[in-house]
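Everything on this sheet refers to the single structure shown next.
The values are calculated or read from the model by the stated rules, or taken from the named source; none is laboratory data. Source: prediction; values computed, not measured. Because the Cβ atoms are built from the backbone with ideal geometry, glycine has one as well, and the counts that use them run over all protein chains shown. These area figures cover heavy atoms from the full protein model, side chains too; ligands, DNA and RNA do not enter into them. Shrake-Rupley method; radii C 1.70, N 1.55, O 1.52, S 1.80 Å.
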Amino acid sequence: MTPILEELKELAGRPFSVLVIPDTENATADAIDDFRRTLACLKSEGFELALHGFKHKAEFSQGRSYAGLVGMNLTGGEAEFAGLSEYESSRLLQAALVAWNTLFYFPQEKCGAEKALQKDGFRPVAFVPPTWFSNKFLPGQVRAEKMLYEDRFSITTAGGVRYASPVASFAGIPKVTEKAAIAYAAFIMRLPVGLPRLAVHPVDYPRMRDVVCDTIREALDNNRKLVHYSEL
């Protein structure tokens, strides 16, 4: 995945925000160590790291609403925060933060980028719920943790400032809707207002590579500039 990030960085002109799924429950110790080192390297290169749920796969919850169950069905069980009760939403958010802190703890001898992360008490700057399906409690819970919150149509800073922010995404959409999604992506990058986003997923490569690159060029050609969550 790192070569793809480097390619997109060169095209965009600077490092961008990378969303991290922190759960490592089924990973080997070597895989976890490699993951940690890769993230530390990305951070040292200027990439911004944000928290993207806990497992990106929902657990059974008695506190999930009917609307949340619908969201789960639409996303193949990936909308882990959809329709949760206040307690369940908070519990899952805290589990995600614990997993994040564990992921960025380096018990071995530290040096370079890893030492810098440990010294800074590194925290995620933003929280993006998987698939953007959420519940009414999550935005406030995220902001209480001093993180920016992102939903499908807007971005809200920890201080409560909200920006209109349409998003272009090509992952998980039916083949028959791809042309419409591509046209929509080009359209929002040409808008004179708002903060359009481009959400790139690993499954977008290599099949949608040219579309992703064209969308970035469309934004740059319309005098858009890449900003980090922390700059809002």
Given a Förster distance of 41 Å, the FRET efficiency implied by the Cβ-Cβ spacing of Ala67 and Phe35, rounded to the nearest 0.05, works out to 0.75
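Exposed loop sites here are GluC sites (Glu not before Pro) in DSSP loop states with at most 11 other C-beta atoms within 10 Å. What is the longest stretch of the chain lacking them? Intermediate values should be presented prior to the final figure.
Details: sites that count: Glu25, Glu109.
Longest run free of exposed loop sites: 110-232.
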Computed for the stretch 12-97: size of charge dipole around the Cα centre, +1 on C-beta of each Lys and Arg, -1 on C-beta of each Asp and Glu, debye to nearest 20, value 180
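With an 8 Å cut-off on Cα pairs and a minimum separation of 6 or more residues, tell me the relative contact order of the chain in percent.
18
Which percent of the accessible heavy-atom area of the chain goes to carbon and sulfur, probe 1.4 angstrom? Spell out each step's value before the answer.
Values: 7020 of 12380 Å².
Summing carbon and sulfur atoms, their accessible area is 57 percent of the total for the chain.
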The distance between the Cα centres of the stretch 190-214 and the stretch 30-73, in whole Å, is 20
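Work through the residues other than Gly159 whose Cβ is under 11 Å from its Cβ and net out their charges, Lys, Arg +1 and Asp, Glu -1. The partial results should precede the final answer.
Details: positive: Arg143, Lys146, Arg162; negative: none.
The answer is +3.
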If every Lys and Arg gets +1 and every Asp and Glu gets -1 at its Cβ, then about the Cα centre the chain yields a dipole, in debye to the nearest 20, of 560
With -39,500 (n - 2.57) per DSSP H segment of 4 or more residues and division by the full residue count of the chain, the 222 nm estimate, nearest 500 deg cm²/dmol, is -13000 deg cm²/dmol
With the dipole of the chain defined by +1 on each Lys or Arg Cβ and -1 on each Asp or Glu Cβ, the option from Leu42, Tyr149, Ala95 whose Cα lies farthest towards the positive pole is Tyr149
Taking a crude spin-label model, label points 7 Å out from Cα along the C-beta direction, the Tyr205 to Val176 distance in nm is 3.1
Cα-based Debye curve of the stretch 161-228 sampled at q = 0.27 Å⁻¹ gives log₁₀ I(q)/I(0) of -1.31
Whole-Å distance linking the alpha carbon centroid of the stretch 138-181 with that of the stretch 79-98 is 17
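Looking only at the chain, where both bridge partners belong to it, what percent of the DSSP beta bridges are antiparallel (to the nearest 5)? Walk me through the numbers before you get to the answer.
On the way: 5 of 15 bridges.
Antiparallel bridges: around 35 percent, rounded to the nearest 5.
If you add up the charges near Arg190, with Lys and Arg at +1 and Asp and Glu at -1, over every other residue whose beta carbon is less than 15 angstrom from its beta carbon, what do you get? Write out the running numbers ahead of the final one.
Details: positive: Arg197, Arg217, Arg224, Lys225; negative: Asp214, Glu218, Asp221.
Taking every other residue near Arg190 into account, the sum is +1.
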With a 24 Å threshold on alpha-carbon distance, the violating pairs from Lys55/Lys146; Lys9/Lys43; Lys9/Lys225; Lys136/Lys179; Lys43/Lys225 are Lys136/Lys179
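Kindly provide the Kirkwood hydrodynamic radius of the chain in Å, to one decimal, from all pairs of distinct alpha carbon atoms.
Values: mean 1/r = 0.0536 Å⁻¹.
Averaging 1/r across every pair of different Cα atoms and inverting gives 18.7 Å.
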